[in-house]
Amino acid sequence: MIPGFAQRKRFSDLSEQDILALAISSEEDDARIYRTYAHNLRDEYPSSAAVFDEMAQEEDAHRVLLIELHQKRFGDMIPMIRREHVSGYYARKPVWLIENLSLERIRSEARGMEQAAEAFYLKAVTLTKDADTRALLGQLAAAEAGHDKKAGALMEEHLGGRSKEAEDSDAHRKFVLTWVQPGLAGLMDGSVSTLAPIFATAFATQSTHTTFLVGLAASVGAGISMGFTEAASDDGQLSGRGSPIKRGIAAGVMTTLGGLGHTLPYLIPDFWTATITAFFVVFIELWAIAWIQNKYMETPIMRAVFQVVLGGGLVFAAGALIGGG
């Protein structure tokens, strides 16, 4: 028997009182999640926070209706039953996993919550015989199904065209400043700065094993250095660039990947096969960086090509000439 699952009830085995108690606790949890969203968004996206405040109030209203029905049918003592007590019941992500989601991801999570709640009420209706209970559960299923439209109406009320555009623009800007910009800087640094030592070693020794070790050390070392430098350079409080830890991770990981791209071909035993493969990888890397600059940083494509491809080509040539000499 699997630990943790033995004590769970099957949904089909729940009594009508259990179903009402489960619905009450679920509505309470959802209201708390919406209030968490609102709290986390309030400073940067006040209009979206107002949307989630109203959605939390609706969940509270549903909970009150369910409690009144429970009191009418079963009395004041509501059994303690929650989602985790029922096998196969839909789950919600823990609060600590949803606190740092992007604005668009939060909106998507909310839509998923409403769809799961609708499915629960539709299933619950089939397990109840009391007319009043079936009527209320059916109304709540319809209410959850209509929340997409309700959310749309709230968006229109609180997020007029300009407000929504402004919030979406701010969210995109924050994503770019926190993840894309430091990640791109790391990718450029890792791809370009490691070219010279890797290819100098390759042409000087013509040993794929030695070249791989030098490339691995250069890539990992550059990633650690770039990550700590980015994290320590700006706490993000005044610049609005976001968490220094996130920026440091983005810069460090992408720097390492940038160097590993043309290091990994030297796992191939044959020197010239490995080197020619590395040439092609470098070519792809540099053009990919230029494309990312053009797409996310809005750098004109010709300027991006000049900065990255030409610059990288010069560094590569320097390494090859030094190693060959």
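The values are calculated or read from the model by the stated rules, or taken from the named source; none is laboratory data. What you are looking at is a predicted structure, and each value in this text was computed from that prediction instead of being measured. Using ideal geometry, Cβ is built from the backbone for each residue, glycine included, and neighbour counts are taken over all protein chains shown.
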Condition set surrounded by fewer than 16 Cβ atoms within 10 Å (Cβ to Cβ) and without any contact (Cβ under 8 Å) to a residue 40 or more places away in the chain, scope the stretch 209-228, selection nearest to residue 178 (Cα to Cα): answer is 228
Within the stretch 23-66, the residues that are in contact with a Ser or Thr (Cβ under 6 Å, 6 or more places away or on another chain) and either closer than 30 Å to residue 127 by Cβ or of a type in the set (Gly, Ala, Ser) (or both) are 47
Subset of the stretch 84-123, residues of a type in the set (Lys, Arg) and at pLDDT 65 or above, comes to 92, 105, 107, 111, 123
Scanning the stretch 272-301 for residues that are over 30 Å from the mean Cα position of the chain (by Cα) and hydroxyl-bearing (Ser, Thr, Tyr), the one nearest to residue 210 (Cα to Cα) turns out to be 275
Among (1) modelled with pLDDT of 90 or more; (2) not in a helix (DSSP H, G or I), residue 241 falls short only on (1)
Q: Can you confirm whether the stretch 295-304 contains a residue that is surrounded by 15 or more Cβ atoms within 10 Å (Cβ to Cβ), over 15 Å from residue 180 (Cα atoms), of a type outside the set (A, V, I, L, M) and touching a residue at least 40 places away in the same chain (Cβ under 8 Å)?
A: no
Checked pairs for the stretch 22-42, first assigned to a helix (DSSP H, G or I), second modelled with pLDDT under 90 and among the hydroxyl-bearing types (Ser, Thr, Tyr), C-beta under 7 Å and 6 or more apart or across chains, list as 41/48
Next on the checklist: Can you confirm whether residue 133 is modelled with pLDDT of 85 or more, hydroxyl-bearing (Ser, Thr, Tyr), over 26 Å from the mean Cα position of the chain (by Cα) and in a helix (DSSP H, G or I)?
Outcome noted: yes
Per the filter on the stretch 43-53, residues within 20 Å of the chain's Cα centre (by Cα) and either in a helix (DSSP H, G or I) or aliphatic (A, V, I, L, M) (or both) are 48, 49, 52
